[in-house]
Amino acid sequence: MNKRISAAAALVAVGALVLAGCAGGSGDGGGDAPIVVGSVNTISGPATFPEASQAAKAVFDAFNAAGGLNGRTIDYKMLDDKGDPATATASAREIVGSDNAVALVGSASLIECEINAKYYQQEGIRSIPGIGVDTGCFDSENISPANVGPFNDMTLTLMYGSEALKLDDICVLLEIAGSTRPTYQAAIDKWTEITGKKPKYVDDTVPYGASDYTPYIVKAREAGCKALAINPVEPDAIGQVKAANAQGWNDVTWLYLTSVYSENFAQAIDDAGAGIYVPAEFYPFSEENETNKEWRDLMTKNDIPLTSFSQGGYLAATYFIEVLKTMKGDINRETVSAALASMKPIENPMIGTPYTFGVDNTAGWPIVLKSGTHKWEKVAEDWFRIGG
């Protein structure tokens with residue numbers, strides 16, 4: 001799933017930078033005109049990710065209030081694709097074609113990367129999603145999310161379960177959107193390749209937004225599963241844990257993804273079984289220290305939930321601004337794309353892998369939610385990485 005910007009692509013990008021100095025390009029090249037940046041998000045629908053774009057907007061608003069880029073502000077446009085393919089398509093074309101955005105930053109959608117990747121390549125625009133969700137976010141040279149992503153996240157949570165917790169009889173339950181099934185299988189296979197372990201069984205029929213997850217939980221318990229590795233969004237995970245509670249299944253270990261890591265989830269769970277473990281994609285937000293202080297203060301000021309999604313949106317916007325500050329001359333789609341293609345790695349204490357456009361992040365910080373605590377806690381003093 002790693003993607004690399006090829007040498008040829010980098011040369012094309014540098015060439016575009018040179019040509020753009022003469023030819024202008026999409027978006028206003030200079031003057032005092034705002035720099036248009038957009039995002040396509042699933043804000044309504046069966047699985048939503050509103051905090052990422054909200055956090056990116058808060059970063060851009062603060063940047064504008066401080067004077068912007070030599071007086072130029074960022075005009076940030078957020079569109080809701082509703083989890084609908086036609087709306088995701090139309091939203092991208094509005095931002096890229098009509099609004100002439102120079103880049104997409106902070107997006108978080110259930111489906112939009114896969115749907116729009118070819119269009120972004122055709123239009124020569126790059127995207128830094130705050131939260132990459134679907135397969136297209138991780139296999140396109142024009143898209144590079146701020147987060148680890150659900151696929152590497154799945155490998156991480158399986159690795160932590162089998163290697164750190166020494167768990168056997170791990171079963172995998174999957175909620176599948178679009179064409180993500182093969183990529184999740186590749187994530188499971190990567191775990192098998194690294195550890196030699198295999199899941200007791202895999203059930204890929206688990207639906208998003210089910211009213212009752214009891215049948216899936218009963219099946220897993222009857223099959224002898226000791227741990228469940230699952231990829232749900234927060235409301236679904238709450239339903240799954242409560243279904244196990246109702247069945248009296250209090251010795252199961254839950255291996256979830258970062259998507260459930262929120263204060264709301266912790267408050268909703270009384271009985272966490274043998275523990276709910278997550279490889280946090282960013283430094284655990286439940287820790288109040290200097291690592292997260294700027295993000296936490298900005299989110300609190302703007303009444304944005306403290307979640308991994310808002311961390312991703314915050315970081316995506318922060319990376320973009322750092323790259324903007326390195327640029328000289330015109331700011332347009334071609335020059336921004338070239339700058340992202342040739343950027344130097346950005347280090348940040350909130351991430352375990354320095355951010356470089358086109359390079360996957362493969363580190364998570366293990367955390368746990370125990371029964372009756374309603375509080376996430378770190379269970380490691382450093383990042384846990386794929387492959388060790």
Handout entry: So A65, is it out of contact with any Gly (no Cβ under 8 Å at 6 or more places or on another chain) and open to solvent by 10 Å² or more (accessible area, probe 1.4 Å)
Key = yes
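Rundown of residues vs (1) farther than 22 Å from L156 by Cα; (2) modelled with pLDDT of 95 or more; (3) buried (at least 24 other Cβ atoms within 10 Å of the Cβ), yes/no style:
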{"residue": "G239", "(1), (2), (3)": "yes, yes, no"}
{"residue": "K242", "(1), (2), (3)": "yes, yes, no"}
{"residue": "L255", "(1), (2), (3)": "no, yes, yes"}
{"residue": "S259", "(1), (2), (3)": "no, no, yes"}
{"residue": "Y283", "(1), (2), (3)": "no, yes, no"}
{"residue": "L298", "(1), (2), (3)": "yes, yes, no"}
{"residue": "G312", "(1), (2), (3)": "no, yes, yes"}
Problem - Filtered residues of segment 118-142 (kept if touching a helix residue (DSSP H, G or I) at 6+ places or on another chain (Cβ under 7 Å) and within 19 Å of Y184 (Cα to Cα)) - result: I131, G132, V133, D134, T135, G136, C137, F138, S140
Exercise for the section: Provide a single number: the residues in segment 169-196 that are open to solvent by 10 Å² or more (accessible area, probe 1.4 Å), farther than 26 Å from I115 by Cβ and part of a helix (DSSP H, G or I). Expected result: 4
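In segment 223-307, which strands (runs of 3 or more DSSP E) lie fully inside it and hold 1 or more residues that are within 17 Å of the chain's Cα centre (by Cα), closer than 22 Å to D212 by Cα and free of Cβ contacts under 8 Å to residues at least 40 places away in the same chain?
Because the criterion is at least 1 residues that are within 17 Å of the chain's Cα centre (by Cα), closer than 22 Å to D212 by Cα and free of Cβ contacts under 8 Å to residues at least 40 places away in the same chain, no strands (runs of 3 or more DSSP E) in segment 223-307 meet it.
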Problem - Per-region count, segment 338-356, residues among the small types (G, A, S), within 16 Å of L324 (Cβ to Cβ) and open to solvent by less than 60 Å² (accessible area, probe 1.4 Å) - result: 3
Practice task
Considering every residue within segment 320-337, establish whether at least one is more than 22 Å from G68 (Cα to Cα) and charged (D, E, K, R).
Solution key: no
Problem - Checking H374 against (1) buried (at least 17 other Cβ atoms within 10 Å of the Cβ); (2) modelled with pLDDT of 95 or more; (3) over 21 Å from V37 (Cβ atoms); (4) not basic (K, R), the condition it does not meet - result: (1)
Exercise for the section: Give me the pairs, please: first residue somewhere in segment 367-388 and in contact (Cβ under 8 Å) with a residue 24 or more places away in the chain, second residue anywhere and part of a loop (DSSP other than H, G, I, E, B) and surrounded by 20 or more Cβ atoms within 10 Å (Cβ to Cβ), beta-carbon distance under 6 Å, and either six or more positions apart or on two chains. Expected result: I367/P284; L369/A272; K370/A272; S371/A272; K378/P284; W383/G352; R385/T362; I386/T362
Problem - Residues that are open to solvent by 10 Å² or more (accessible area, probe 1.4 Å) and part of a loop (DSSP other than H, G, I, E, B), drawn from segment 146-168 - result: L165, K166, L167, D168
Practice task
Could you list all residues from segment 121-137 that are buried (at least 24 other Cβ atoms within 10 Å of the Cβ), part of a loop (DSSP other than H, G, I, E, B) and in contact (Cβ under 8 Å) with a residue 60 or more places away in the chain?
Solution key: I125, R126, P129, G130, V133
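The values are calculated or read from the model by the stated rules, or taken from the named source; none is laboratory data. Remember, it's a predicted structure, so these values are computed and weren't measured experimentally. Every residue, glycine as well, gets a Cβ built from its backbone with ideal geometry; the counts of neighbours run over all protein chains shown. Accessible surface is based on the protein model in full, side chains and every heavy atom, while ligands, DNA and RNA are left aside. Shrake-Rupley method; radii C 1.70, N 1.55, O 1.52, S 1.80 Å.
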